[in-house]
Amino acid sequence: MELVWSNFNVCSCCLLQVLECYIISIESFIIPLLSAIWIMLPAYVPNPIAALFGGGTPIDFGRNSPDGRRILGDGKTYRGLFSGILAGISIGLLQIWLSGMFGLTNLPHHTPLSVTLLATGALLGDICKSYFKRRRGKERGERWPIADQYDFVAGAFILLLLFDPSWILTYVTLPVLLVILILTPILHRVINIFGHLIGVKEVPW
Ligand code: CTP
Ligand code: MG
């Protein structure tokens, strides 16, 4: 009887430990995940909005580079650039308002500067990517893996590092950065497939 009881105690102890580990791992996963999404929203929104509202005058005005290829190409337009940046900043300002309204103190604290840098950096990164894509002889819309998925993250983070380094160093911790690096290409793919299906994007990547 004694043996059965002590076995039961050992078992329930193990079970509690497993449960505790599970809860801790959920916490250490869910919080960086929510933080990553919250941080990146002002940078995730500009690209799809540019695809939705873009068109018209290209940023390079149709000019070629000395290599005979377009400087940026018809995929980078003023309308896309400004509508995208405006949408990214608007989402960010909404997040700031929601934070204050509902006391979302556990999430990273956006500021007007952080959301402006994230939204602007996202589309500047996209433009720089297109510049180098053309120099490599790739046509508009052609696939360029890695660069296509991470251009806007790189652009957003470079602007933050230049103009608000304390903000990025405070909130983009290593776990959050890891989640951003894993989540971004997945979201990018899903949104582009959706954009292609509804006819906003010519190609599903
Ligand atoms: N877009 C725009 N202006 C921008 C960015 C995007 O008008 N500054 C629009 C264009 O209609 C573009 C679409 O959004 O075709 C999708 O954007 P993206 O995939 O970045 O452009 P691509 O057409 O793939 O061109 P590139 O090869 O230069 O990336
Ligand atoms: Mg593209």
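Of the residues making up region 30-50, those that are over 15 Å from residue 125 (Cα atoms) and touching a residue at least 24 places away in the same chain (Cβ under 8 Å) are 31, 32, 33, 34, 35, 36, 37, 38, 39, 41, 49.
Of the residues screened, residue 123 is one that is within 16 Å of ligand 2 (Cβ to nearest atom), in contact with a Pro (Cβ under 9 Å, 6 or more places away or on another chain) and part of a helix (DSSP H, G or I). In region 122-145, the residues that are at pLDDT 95 or above reach residues that are among the polar types (S, T, N, Q) and surrounded by 15 or more Cβ atoms within 10 Å (Cβ to Cβ) with C-beta atoms within less than 7 angstrom, at least six apart or across chains, in these pairs: 122/47; 126/47. In the condition set (1) in contact (Cβ under 8 Å) with a residue 60 or more places away in the chain; (2) surrounded by 12 or more Cβ atoms within 10 Å (Cβ to Cβ), residue 76 is compliant with all but (1).
For region 141-156, the set of residues classified as aliphatic (A, V, I, L, M) and either touching a strand residue (DSSP E or B) at 6+ places or on another chain (Cβ under 7 Å) or not in a helix (DSSP H, G or I) (or both) consists of 146 only. Taken together, the criteria exclude residue 88 from residues that are farther than 19 Å from residue 170 by Cβ, within 15 Å of ligand 2 (Cβ to nearest atom) and either surrounded by 14 or more Cβ atoms within 10 Å (Cβ to Cβ) or in contact (Cβ under 8 Å) with a residue 60 or more places away in the chain (or both).
The values are calculated or read from the model by the stated rules, or taken from the named source; none is laboratory data. Every value quoted in this text rests on a predicted model; they were computed, and no experiment measured them. Methodologically, a virtual Cβ is constructed for each residue, glycine included, from the backbone with ideal geometry; neighbour enumeration extends over all protein chains shown.
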